[in-house]
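What follows is calculated from the coordinates using simple rules that are stated; it is not laboratory data. Source: prediction; values computed, not measured. Counting neighbours? That spans all protein chains shown, and the Cβs are built from the backbone with ideal geometry, glycine included.
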Amino acid sequence: AREVSLTCMPVTAEMAEKWGLVNHIVDDSQVLSKAIEVAEAIARNNRNLVLLYKSVINDGLQLDMEHARALEKERALNYYNGMTKEQFANMQKFIQGRSSKAPSK
């Protein structure tokens, strides 16, 4: 990143994707439909869990890797400890169903 910043090197979409800076490369005509597709995939998930996980990501970005991993573990334990048996069973079913699906692109 420093090299790109200090040299003002142009970054192509392909380079950005390879480096993990972007998730998808689409034609201009497909931008909105791809954004809607991703938003719908997120919206299908449990809203509270999405918000909690997003906060872990955002808060973790401010930390070094060791502390970020500790934060993720702490928040996960807090979440799991607050679950009912039914919620935990539903989560296990979700994970089992997800592992049998092909990965998304």
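Before moving on, here are some points about what is shown:
- Using θ = phi - 60° and Karplus 6.51 cos²θ - 1.76 cosθ + 1.60, couplings along the stretch 14-27 (whole Hz; Gly, Pro as x): 5, 5, 4, 5, 4, 7, x, 7, 9, 9, 9, 10, 9, 5
- Computed from Cα positions, the angle between helix 85-99 and the longest principal axis of the chain comes to roughly 40 degrees.
- Ellipticity estimate at 222 nm from DSSP helix runs (n ≥ 4, -39,500 (n - 2.57)) divided over the chain, nearest 500: -21000 deg cm²/dmol
- Nitroxide proxy distance, nm - points 7 Å out along Cα→Cβ at Met65 and Asn45: 2.2
- Using alpha-carbon coordinates, inclination of helix 65-81 to the longest axis of the chain, degrees: 30
- Histogrammed with a bin width of 5 Å, the alpha carbon distances of the stretch 47-92 distribute as 5, 22, 25, 23, 14, 8, 3, 0 percent, first bin at zero.
- Amide hydrogen neighbours beyond the local backbone of Leu63, cut-off 5 Å, H modeled: none
- Against the chain, whose longest principal axis comes from its Cα atoms, helix 47-60 is set at around 60 degrees.
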